[in-house]
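Here's the structure we're looking at; comments come further down.
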Amino acid sequence: MTPRILYCHCAYARVLAPEVKQAVLAGLADAGVEFEAVPDLCEMSARRDERLQALAAEGPVKIAACFPRAVKWLFHSAGAPLPEEAEVLNMREQSAEAVLHNIVGVKV
Amino acid sequence: MSAVLQVVMQPGASAQALSALLEKGYSVRVTQDAPRTAVSDPTEVAPSPSKWKPWFPVIDYQRCTNCMQCLSFCLFDVYGVSKEGKIQVQNQTNCKTDCPACSRVCPEVAILFPKYRHNPINGSEVQADDLRREAMKVDISALLGGDIYSMLRDRSAKAKSRFSKERDEDRALKERLNCLNKLQQAMDIPGEVLAALPSVDEIRRKAEVAKAKAEEAKRQFPS
């Protein structure tokens, strides 16, 4: 089963380097893959957004966001525990190249 | 709270357009299944960027021991207890933006703020050094010279007695500022949060309510 792709833009804070998130977003758009991009996972978690529950329930997913521990417990906090096979790519620490390589196997 | 409106675009969509939508609070689904820039539900109200910066504690339940220190510590009723007696974040929007103080008092480094600057409160993996140095745990007793609530009571009593004799308000203000500065530096609490703290009596009342809540939960659900 092909993992779904989720991208978090962290729109309400400046914790992600703009050049990293823009490059990841551009890379995903250029790769011609299907993905879901959301403004801010923290905000969705606070609202217990139903889409988080749907994403968590649909099997393998690759998430481009921040620290895996933070993402895991944000989903949990929203009542949507992530499946074991979920993979979180950390745009706070990894380069855009590394994130995109892992998600779509391409270089920026 | 932000938008629930979802925009559907086809693969190959411009990253600039995507980014602009995300900044405005739209979620975007890029899929083959729909025509370019079709709005999935045009009856929805267009979103506007949230005024609330999503800043709130997230509990790592793999580390949390349900000690309830966060519940006793927070003066803003962010924490509560579930029906099963488990600590949980119940009022996210009560949390004071950029204040990570409760994570500092957590003895297990189990409270994270994903938008915080520094490790491991931002959700990075907790390292042995974090625990060994107890860098995350500020011993308020040591910081303020004893139990914080008895200290506040003593301070209040002394202040009343001193004011009745001397009315040395300047000195009291200076002491308070010193104390607040210590807290601000040690716990990285924004000045606005400290400035907005309730009165000593109100803090005491809230602390007693929170303590009673924590004790009741522990009594009902002993670990």
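The values are calculated or read from the model by the stated rules, or taken from the named source; none is laboratory data. Only a predicted model underlies this, so the values are computations on that prediction, with no experimental measurement involved. Heads up, the Cβs are rebuilt from the backbone with ideal geometry, glycines too, and the neighbour counts pull from every protein chain shown. SASA here: full protein model, heavy atoms, side chains in, ligands and nucleic acids out. Shrake-Rupley method; radii C 1.70, N 1.55, O 1.52, S 1.80 Å.
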With respect to residue B:209, determine if the residue is modelled with pLDDT of 80 or more and either surrounded by fewer than 13 Cβ atoms within 10 Å (Cβ to Cβ) or away from chain A (no Cβ under 14 Å) (or both).
yes
Meets criteria (surrounded by fewer than 24 Cβ atoms within 10 Å (Cβ to Cβ) and at pLDDT 95 or above) for residue A:51
no
Mind checking which pairs have a first residue in segment B:204-223 that is farther than 13 Å from residue B:86 by Cβ and a second that is open to solvent by 90 Å² or more (accessible area, probe 1.4 Å), Cβ under 9 Å, 6 or more apart or different chains?
B:204/B:153
Does residue B:162 meet the test of being outside any loop (DSSP other than H, G, I, E, B), at pLDDT below 90 and not β-branched (Val, Ile, Thr)?
yes
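This table checks each residue for (1) at the interface with chain B (Cβ under 7 Å from one of its Cβ atoms); (2) among the hydroxyl-bearing types (Ser, Thr, Tyr); (3) over 22 Å from residue B:121 (Cβ atoms); (4) assigned to a helix (DSSP H, G or I).
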| position | (1), (2), (3), (4) |
| --- | --- |
| A:2 | no, yes, yes, no |
| A:6 | no, no, yes, no |
| A:26 | yes, no, yes, yes |
| A:56 | no, no, yes, yes |
| A:63 | no, no, no, no |
| A:73 | yes, no, no, yes |
Checked segment B:65-76 for anything free of Cβ contacts under 8 Å to residues at least 60 places away in the same chain and in a loop (DSSP other than H, G, I, E, B); matches are B:67, B:76
Take the residues in segment A:31-54 that are touching a residue at least 12 places away in the same chain (Cβ under 8 Å) and acidic (Asp, Glu), then tell me which one is farthest from the other protein chains (Cβ to nearest Cβ).
A:49
So residue A:82 fits all but one of (1) open to solvent by 30 Å² or more (accessible area, probe 1.4 Å); (2) under 14 Å from the mean Cα position of the chain (by Cα); (3) within 11 Å of another protein chain (Cβ to nearest Cβ); what number is the exception?
(3)
Taking residue B:54 as the residue in question, decide whether it is modelled with pLDDT under 70, open to solvent by less than 60 Å² (accessible area, probe 1.4 Å) and not in a strand (DSSP E or B).
no
Please specify each residue of segment B:183-216 satisfying the condition of being of a type in the set (A, V, I, L, M), out of contact with any Lys or Arg (no Cβ under 6 Å at 6 or more places or on another chain) and part of a helix (DSSP H, G or I).
B:183, B:186, B:194, B:195, B:200, B:203, B:207, B:209, B:210, B:212, B:214
Inside segment B:68-91, can you point out the residues that are of a type in the set (S, T, N, Q) and under 11 Å from residue B:102 (Cβ atoms)?
B:69, B:72
Pairing a residue in segment B:1-20 that is farther than 14 Å from residue A:32 by Cβ and at pLDDT 75 or above with any residue that is open to solvent by less than 40 Å² (accessible area, probe 1.4 Å) and in a helix (DSSP H, G or I), where Cβ atoms lie under 9 Å and the two sit 6 or more apart in sequence or on different chains, gives B:16/A:26; B:17/A:29; B:19/A:21; B:19/A:25; B:19/A:26
For residues that are touching a residue at least 40 places away in the same chain (Cβ under 8 Å), open to solvent by 30 Å² or more (accessible area, probe 1.4 Å) and within 16 Å of residue B:192 (Cα to Cα), tally how many sit in segment B:94-107.
3
Given the criterion closer than 21 Å to residue B:89 by Cα and open to solvent by less than 30 Å² (accessible area, probe 1.4 Å), identify the matching residue among A:99, A:38, A:71.
A:71
Taking the criterion of being charged (D, E, K, R) and under 17 Å from residue A:4 (Cβ atoms), would at least one residue in segment A:60-72 satisfy it?
yes
